[in-house]
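Student: Pasting in a structure now, in structure tokens, and then I'll have a few things to ask.
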Amino acid sequence: MALVVKGLFKKYEAQIAVDDLSFTIEKGAVVGFLGPNGAGKSTTLKMIAGYLTPDAGEVTLNGISNQKDPIAFKKMIGYLPEANPLYEEMYVKEFFSFLASLHKIEQPKIRIEEVIALTGLIPMQHKKIGALSKGYKQRVGIAAAIMHKPALILLDEPTSGLDPNQLIEIRALIQSLSKDAIVLFSTHILQEVSAICSSVIVLHQSKLVANTSIQDLLKPRQPAVRVVFEEEIEPYLNDEFFSKLTFKQADKHALVVKSDDLSILKKNILNYALDKGLNIQALQTQEASLEEIFKLLTH
């Protein structure tokens, strides 16, 4: 089972929203869909869902095209748009019964109970949707998206506006969904991506600028170590040892030193400190933050 997006293109008059976008996602993946406002994330999700027709390109899920066989395709997907569309005058359990009938789910009562438990809605199942908090409304929206056990789950900003406790719970829920499906969700909260995603897709100005695992994304462009001395290091920076290094002074006691061979670099730093009688408090590999990488990719 795989989602294959090939050459997607969408233009609104003179504005290109998505420009020749291609990627593949395999079953079991939780993929974060990142990019600044206006990068094309929501437009892409709408085209994948079949809500928008692309000007060019194709989307297939398990070999089924969302344009050539839209009914079969849509039966396999669950979609939560950014503007969570709910019937707020309905009760939670009543809404789920309505959805189960639309999807012609066998043994609907059993499936409804499963989804209510999975999304943490047991205390709210007999309340009107309009009376729920935003966090619980998001749970109802996710529950609606997964009621029919879709192979592909599309979530557009599913945690927007949630408090910290709600964030933790929704993150855990999203992770659990990937056991049986592909999960693709857009977000502006970079901590979410590092917490729950196996990989990321990054858009900038309608184009794909990254499609990789979290681990590979966070690898520094050139390996570096951060070394913290007990003493102020500035008086030593004119020594011949430092003239041969590529480094940046982080503060009075710390340096970030780049090298293609970190093991040799660490050994040389330790020998230098021993020779000069300097005390090292910390010597560790320097990793780029997700925020730094995102800024680099989208500027």
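All of the numbers you see were taken from the coordinates with simple rules; none came from a lab. Keep in mind the model is a prediction, meaning the values are calculated, not measured. Ideal geometry is used to build each Cβ from the backbone, glycine not excepted, and the neighbour counts take in all protein chains shown.
Student: Dividing the Cα radius of gyration by the Kirkwood radius, what Rg/Rh value follows for the range 18-175?
Tutor: Reported Rg/Rh (Cα atoms, Kirkwood Rh): 0.96.
Student: Restricting the count to DSSP beta bridges whose residues both fall in the chain, what percent are antiparallel, rounded to a multiple of 5?
Tutor: Once the DSSP bridges in the chain are tallied, antiparallel ones form about 70 percent.
Student: Another question, if that's okay. For the range 202-275 and the range 40-86, what is the centre-to-centre distance using only Cα atoms, to the nearest Å?
Tutor: 44 Å
Student: Do any GluC sites (Glu not before Pro) in the range 1-77 lie in a loop, going by DSSP, with at most 13 other beta-carbon atoms within 10 Å of their beta carbon, and if so which?
Tutor: Those satisfying the criteria are GLU13.
Student: Still on this structure: Each label point is 7 Å from the Cα along the Cα-to-Cβ direction; what then is the distance between the points at ALA250 and ASP69, in nm?
Tutor: Inter-label distance under the simple model: 5.5 nm.
Student: Going 7 Å from the Cα of LEU237 in the Cα-to-Cβ direction, what parts of the range 248-282 have a backbone nitrogen less than 13 Å from that spot?
Tutor: 248-257
Student: Then there is this: Calculate the translational D of the range 1-101 in whole µm² s⁻¹ from Stokes-Einstein, where the hydrodynamic radius comes from the Kirkwood formula applied to all Cα pairs, the temperature is 25 °C and the viscosity 0.890 mPa s.
Tutor: 162 µm²/s
Student: If r is the Cβ-Cβ distance from THR24 to GLN286 and R0 is 25 Å, what FRET efficiency results, to the nearest 0.05?
Tutor: 0.20
Student: Separate question: What does the C-alpha gyration tensor say about the overall shape of the range 224-288? Classify as rounded when a/c is under 1.5, otherwise prolate if a/b is larger than b/c, or oblate.
Tutor: Cα axes put the range 224-288 in the rounded bin.
Student: Treating the Cα atoms of the range 159-223 as identical point scatterers in vacuum, please give the log10 of the normalised Debye intensity I(q)/I(0) at q = 0.19 Å⁻¹, two decimals.
Tutor: Here the Debye-derived log intensity ratios amount to -0.85.
Student: Can you give the helix-only mean residue ellipticity at 222 nm for the chain, where every DSSP H stretch with n ≥ 4 adds -39500 (n - 2.57) and the sum goes over all residues, rounded to the nearest 500 deg cm²/dmol?
Tutor: Details: 11 runs with 102 residues, N = 299.
About -9500 deg cm²/dmol.
Student: Here's something else I'd like to know. Find, to one decimal place in angstroms, the Kirkwood hydrodynamic radius of the chain, where the mean of 1/r is taken over every pair of different Cα atoms and then inverted.
Tutor: Across the chain, the inverse of the average 1/r is 22.0 Å.
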